[in-house]
Structures are given as structure tokens and as C-alpha cells.
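Accompanying notes for the structure given below.
The values are calculated or read from the model by the stated rules, or taken from the named source; none is laboratory data. Just so it is clear, the model here is predicted, and its values are computed rather than measured. As a convention, Cβ positions derive from the backbone with ideal geometry for all residues, glycine included, and neighbour counts pool all protein chains shown.
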Amino acid sequence: MTLDVLLVYLPYTGGFMPNLGLACVRSAMAQVGYSSQIINFDYSFSHVVNEVSDPHLRHKLYNLENWVGEDKLQGLLPDINDSVESWVQHIYSVPSNALGFSVNCFNHAATAEVIRRLRLLGDDRPILMGGANCYFPESVEGISYLADAVVLGEADETIPEMMPWFMNGCHGDPPTGVLVSRSKGEQTWKIRNPPEDLDRLPLPDYGDEIWPEGWGYPDFPIEMSRSCILSCAFCDVHSRNGSFRMRSPKRLIEEILSLKQRYPSLRLHFNDSLVNGKLPYLREACERIEAEQIDVPLVGQAIIRRDQKFEDFQAMRRAGFHTLIYGLESGSYTVLQIMNKKSGGNLSQISQCLQMTHDAGIKVVINLIVGFPGETREDLLEAADFLCENAQYIDVVASLSTMVLLPGSPVSRFPEKFGVEPTTRFGPDWQTLDGTNNYDERQLRWSILYDRLISAGVEMGTVVKRMEKPAPSPPKPRSLWQKLAGKLNPV
């Protein structure tokens, strides 16, 4: 049977869990009678990387920065060419009328490479793009010419409207929410506002996705909200997703029960930017989950709020939350203010929130960013001191990353306001106007903070451990002529 659309997700983000976005797209297509199938190469490739015996190559592949941009990918191609070719051949062999690619900043270049190779094979199927890297016209500028159409922003309401237009040749102006690249590099698009009522959207359809065996993360994705109540300077969520919206507790529980019927050993990870955006809603959801005795382990991301009470954390624990992942980002009060990350209050209030979470029996996991523009070495050391002083309340550092300028984030849109050299803001090698914050400096600061946290006994998550550089390889034994040459020509 020939599919209408083959939906493809390419490496590399680690193969942690099924792709919620593509599951939503699949449901949206089915609404208007179009068939689709999801192929997640990120899942299969993550197993390939895990089995690489050379620690230096494995570290090179694990490092997400090495996947960002065409130049970086070219440096990886000699090591991954066989895998890339296998993805191309697999896609080429599946009968479908069209192809759809989910694109983010980490698989942007790999997607372009695969599409170019498909075209060289003579694959002329129309191509649709969407995903996290397709919220702004400027973020898809370097790849949109490879697609017949790009879905901008949240695709749930755009897909049903645009599918007949797309499948019948993309004639005329694109529907609202779709970008097309015309001749001579011209682009045409209309922005669509995100869906206001999340309850009206169909439940995600994962098809025959494998779960949970083999995934890097034991939990299944779900969402109770979209966007965020904050507008942090490093983050693109608010500009991508607009106003903060939530599903009703009733609709949320409906999906949980549906998934649990299919997967009796269900564990859930909320895909939201934060589960505690609206505390009254969170309280109601926890009460209903507890009242209906839904026994499902829950993980969610959260912001540190100075107005969240100990009773809230106790209610979350009773509902099944065993882990909260806080976007703490820094332990420096100065840096938090520059980031516009102010919901947690002062450092004492932040510490209290970590302690309350811990004391309620919930595992405390944090994300950290090193090298935000405006951060100094002194700020970094202040952050290290705070984190070490609170190590007893921190179970795991899930992410310790150097600062990346995300398209659409305030620091990317207004670089000079944050002291960033504008011409450098589109890659990992960005630097500040005064030159004190550059790629090498950020790598050094990463190592400083990593070493401090390790010395304090703070556990590092899998992703962070993968970022640690392996020990240098021992020098190869020199041959006799090399030894003689060394004596004749001492260095």
C-alpha cells in the first residue's frame, strides 16, 4: 500500500523518546483522510552511536554542537556516511506520495544532506517540512529551498487545511501558516496564530512506535500546556508558541488513560516547558489523578517559583510526580537577572524551593547554561558556590550546556543589547563585542563548573557525561627509523 506521506525524523538528538510533534502531525493528517507513517532514524542511530568502541569518536558524535550547521556536519560525514546512505536508501524504498521532515537545529544540516542525496537518486516526491526549526521564516532560510512547502509554527490546525493544496501540486498562494520558496529565492508565507483551545486537538497518534524497549529514556511524552509564562532572554519558546495555553484536566486524563490501556507499564514525561505555569490548574490536575487512582509515574519540567508551597509539592508527589526538572540555568543572581529569569526570587528563595521539592520526596534535576553574555568568571564561581552549597538537594544535573543563541530568542533578536557581536550570532562560535566571551572561553568555563560539581558529589546525567572529553589516546609506539630521526633531529 502506498502512503500519502512518509514522516521522517533524522539524527541527532539522542533517541530519547518517541516524537510527540510527528505524532500530532499524523493525527492532523488522519483528520482529513491522509495516511502517514513515522520513521525515526534518531532512535536507530542512537544505538549505533552507543556501540561505537572508540571513545573519541563516540564523544564527537554525542556532542550536539558537531551536528549544528553544514560546516560542522561535513566534519562528521566521513564517520557517518554509511549511516546517512542507509537512511537515504530506506526512505527511497518506502512507497509514498510525499515526504515530510521534522527539522530542528540539531538535524537541520543532516536533513538537507539526506534530501540532496534523495534528489540525486531521482526521488522527485514533494517535500513538506515542519518542526522546532520552522517557527520563523529566517530560521528555515538556508533549507526551505529544498522543500515544496514549510509549515510554520504549531501545525495542528494548519495541516488539515493545507494537505489538499499540498498533495495537489501547491498551486496558488499557500494557506495560512505555510511558507513556500519561489523562483529566484523569493519566499511567500502567512503566519497563523497557534491553536487557542488545546482540548479541540486530536490525541497524538504514534502508530506502531516501539515503546519503551530500546529508547534512551523510559518515559512516554505527553503535554498539558504549550508556551511559557516567562520570557527568558536565552529561550525561543515564548516567541515561537505565543501565549501560554493549557489543556483541561479532563482532556489530560483522557489521554493518560488511553495510553495506559495501550501500554500497561506506562511512564510519562510532560513535554511542556513547565508543568507549574498555573498553580490552580496543577493542583486540580493532581487532585483528579489522585482521586481516580491513576498509577502512572510522572516527570515534568518546572520553573522555580517563590509562590509555590510545600503542600503543592506533596500533592504532586501523591499524583505520581517522582522527578521535577528545573530550568535553573545559573546559580548567580546577577546572571539570572540578565537572563530575565526572576520567578524564583533571590538565591535564598531558590534554595528553599529546591529543598521543598527534595523534602516532598521528588527527585530534583536541574539544567544549567554556561557562558550567557554578560556572565563573568566571578559570576561563574558564584554559581558554582551556590550549587555546591545546595548539592544535598540536587539529585542530578541533566543538562550542562554552553550558551547557544536560538533563533527567535531575545538575545538572538537583539544581540547588541546583550553585548553580542551581531555577525556571529548564527553559529556556535558567537562572541561578545568585547571579545571576553567566545567559544574557547565557554568551553573552559564548562570544564570549570563541571569539575566543581563533580568534586561536590553532584551526579551528572547521561547527556552531561557524554559531553566530558575522554582521556587523550596514548601515543603510538614509534618505529626504529622514527627513533633514529628523533636522535638526529631533536625537537
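Please work out which one of (1) closer than 26 Å to Gly300 by Cα; (2) free of Cβ contacts under 8 Å to residues at least 60 places away in the same chain; (3) of a type in the set (S, T, N, Q) is the condition Ser447 fails and give its number.
Here Ser447 meets the rest and fails (1).
May I ask you to list the residues in region 268-284 that are of a type in the set (D, E, K, R) and either surrounded by 19 or more Cβ atoms within 10 Å (Cβ to Cβ) or touching a residue at least 60 places away in the same chain (Cβ under 8 Å) (or both)?
Scanning region 268-284 gives a single hit, Asp272.
Among the residues in region 131-146, are any in contact with a Gly (Cβ under 6 Å, 6 or more places away or on another chain) and aliphatic (A, V, I, L, M)?
No, there is no match, as no residue in region 131-146 is in contact with a Gly (Cβ under 6 Å, 6 or more places away or on another chain) and aliphatic (A, V, I, L, M).
Can you name the residue in region 233-249 that is in a helix (DSSP H, G or I) and touching a residue at least 24 places away in the same chain (Cβ under 8 Å) and, of all such residues, is farthest from Phe426 (Cα to Cα)?
Pro249
Against the conditions (1) among the charged types (D, E, K, R); (2) touching a helix residue (DSSP H, G or I) at 6+ places or on another chain (Cβ under 9 Å); (3) at pLDDT below 95; (4) assigned to a helix (DSSP H, G or I), where does Glu416 fall short? Just the number, please.
Of (1) among the charged types (D, E, K, R); (2) touching a helix residue (DSSP H, G or I) at 6+ places or on another chain (Cβ under 9 Å); (3) at pLDDT below 95; (4) assigned to a helix (DSSP H, G or I), only one is false for Glu416: (3).
Can you tell me how many residues in region 420-444 are among the hydrophobic types (A, V, I, L, M, F, W, C), touching a residue at least 24 places away in the same chain (Cβ under 8 Å) and over 17 Å from Gly69 (Cβ atoms)?
1
May I ask you to say which residue of Asn346, Asn390, Asn367 is polar (S, T, N, Q) and under 21 Å from the mean Cα position of the chain (by Cα)?
Asn367
If you check Asn271 against the conditions, is it in the same structural domain as Pro407 (by TED's automatic domain parsing), touching a helix residue (DSSP H, G or I) at 6+ places or on another chain (Cβ under 9 Å) and at pLDDT 95 or above?
In short, no.
Would you confirm whether any residue within region 365-377 is free of Cβ contacts under 8 Å to residues at least 24 places away in the same chain, part of a helix (DSSP H, G or I) and not small (Gly, Ala, Ser)?
Scanning region 365-377 turns up no residue that is free of Cβ contacts under 8 Å to residues at least 24 places away in the same chain, part of a helix (DSSP H, G or I) and not small (Gly, Ala, Ser).
Mind listing whichever residues of region 427-459 are hydrophobic (A, V, I, L, M, F, W, C), in a loop (DSSP other than H, G, I, E, B) and surrounded by fewer than 16 Cβ atoms within 10 Å (Cβ to Cβ)?
Leu433
Would you mind stating whether Phe45 is farther than 30 Å from Thr176 by Cα and crowded, with 20+ Cβ neighbours inside 10 Å?
Yes.
Could we say that Lys341 is over 18 Å from Ile222 (Cα atoms), charged (D, E, K, R) and surrounded by 18 or more Cβ atoms within 10 Å (Cβ to Cβ) here?
Yes: the conditions hold for Lys341.
Among the residues of region 158-185, write down those that are more than 24 Å from Gly69 (Cα to Cα), without any contact (Cβ under 8 Å) to a residue 60 or more places away in the chain and not hydroxyl-bearing (Ser, Thr, Tyr).
Glu161, Met162, Trp165, Asn168, Gly169, Cys170, His171, Gly172, Asp173, Pro174, Pro175, Gly177
Sort through Ser35, Ser27, Ser44 and tell me the only one that's polar (S, T, N, Q) and under 20 Å from the mean Cα position of the chain (by Cα).
Just one listed residue meets the conditions, Ser44.
Answer yes or no as to whether Ser447 is hydroxyl-bearing (Ser, Thr, Tyr) and modelled with pLDDT under 95.
Criteria not met by Ser447.
Mind listing just one residue for me: the one in region 355-364 that is surrounded by fewer than 21 Cβ atoms within 10 Å (Cβ to Cβ) and part of a helix (DSSP H, G or I) and, of those, nearest to the chain's Cα centre (by Cα)?
Among them, the one singled out is His358.
Would you pick out the residues in region 114-171 that are hydroxyl-bearing (Ser, Thr, Tyr) and either under 16 Å from Tyr9 (Cα atoms) or outside any loop (DSSP other than H, G, I, E, B) (or both)?
Selection gives Ser139, Ser144, Tyr145, Thr158.
Please verify whether region 89-102 includes one or more residues that are under 26 Å from the mean Cα position of the chain (by Cα), surrounded by 15 or more Cβ atoms within 10 Å (Cβ to Cβ) and under 26 Å from Arg425 (Cβ atoms).
Among the residues of region 89-102, at least one is under 26 Å from the mean Cα position of the chain (by Cα), surrounded by 15 or more Cβ atoms within 10 Å (Cβ to Cβ) and under 26 Å from Arg425 (Cβ atoms), which makes the answer yes.
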